[in-house]
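Chemist: Handing you a structure now.
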Amino acid sequence: MKIVMAAAAAVLATALLFDPIPIAAAKNSVVGSWKGGGRATGSDGKTYRVRCKIRVREHGARKLYVSGKCSSQKGTAAGSATVVKKGSRYFGNADGAAQFGNGRISLAPRGNRMSFSIRGTKGRLSVSLRKSK
């Protein structure tokens, strides 16, 4: 009887250590609405302050669909892309984005904060975001 109780306690302890609910929540923590600000540099070399709103949705097991817009004194730019998870970050292509040209998109989530960047042939964008409620 003591062996059975010890085995049951070990199984229960293991189940508590590897609870699937926090793992599922962590997987989906990037999904949602985000907003924040940062800087954009255009092909003219000038730097502008920007404010951005971004929405992230699931798009398969390791992919996310990102859409949003950023505004500055120069104007508003909108776009979307699919990004793939690599390690703790997400990466994708900014193919033909008029404001930034061809380049790379990067998302680096950390809890309720996320760094978002685009590095393109015509410019770059770097933004710090917070998850919207």
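The values are calculated or read from the model by the stated rules, or taken from the named source; none is laboratory data. Just so it is clear, the structure is predicted and the values come from calculations on it, not from any experiment. FYI the Cβ positions are ideal-geometry reconstructions off the backbone, even for glycines, and counts take in every protein chain you see. These area figures cover heavy atoms from the full protein model, side chains too; ligands, DNA and RNA do not enter into them. Shrake-Rupley method; radii C 1.70, N 1.55, O 1.52, S 1.80 Å.
Chemist: Which residue pairs have Cβ atoms under 6 Å apart, sit 6 or more places apart or on different chains, and have a first residue in segment 114-125 that is open to solvent by 100 Å² or more (accessible area, probe 1.4 Å) and a second that is at pLDDT 90 or above?
Modeler: Arg119/Arg104; Arg124/Thr41
Chemist: Just one of (1) among the hydroxyl-bearing types (Ser, Thr, Tyr); (2) closer than 23 Å to Tyr48 by Cβ; (3) in contact with a Leu (Cβ under 6 Å, 6 or more places away or on another chain) trips up Tyr90, so point out which.
Modeler: Tyr90 satisfies all of (1) among the hydroxyl-bearing types (Ser, Thr, Tyr); (2) closer than 23 Å to Tyr48 by Cβ; (3) in contact with a Leu (Cβ under 6 Å, 6 or more places away or on another chain) except (2).
Chemist: Evaluate the following for Ser128: is it closer than 20 Å to Ser33 by Cβ, in contact (Cβ under 8 Å) with a residue 40 or more places away in the chain and open to solvent by 60 Å² or more (accessible area, probe 1.4 Å)?
Modeler: Details: closer than 20 Å to Ser33 by Cβ: yes; in contact (Cβ under 8 Å) with a residue 40 or more places away in the chain: yes; open to solvent by 60 Å² or more (accessible area, probe 1.4 Å): yes.
Spelling it out, Ser128 is indeed closer than 20 Å to Ser33 by Cβ, in contact (Cβ under 8 Å) with a residue 40 or more places away in the chain and open to solvent by 60 Å² or more (accessible area, probe 1.4 Å).
Chemist: Still on this structure, please answer the following. Of all residues in segment 32-89, count the ones that are in contact with a strand residue (DSSP E or B) (Cβ under 7 Å, 6 or more places away or on another chain), farther than 14 Å from Gly123 by Cα, among the hydroxyl-bearing types (Ser, Thr, Tyr) and free of Cβ contacts under 8 Å to residues at least 24 places away in the same chain.
Modeler: Here the count works out to 6.
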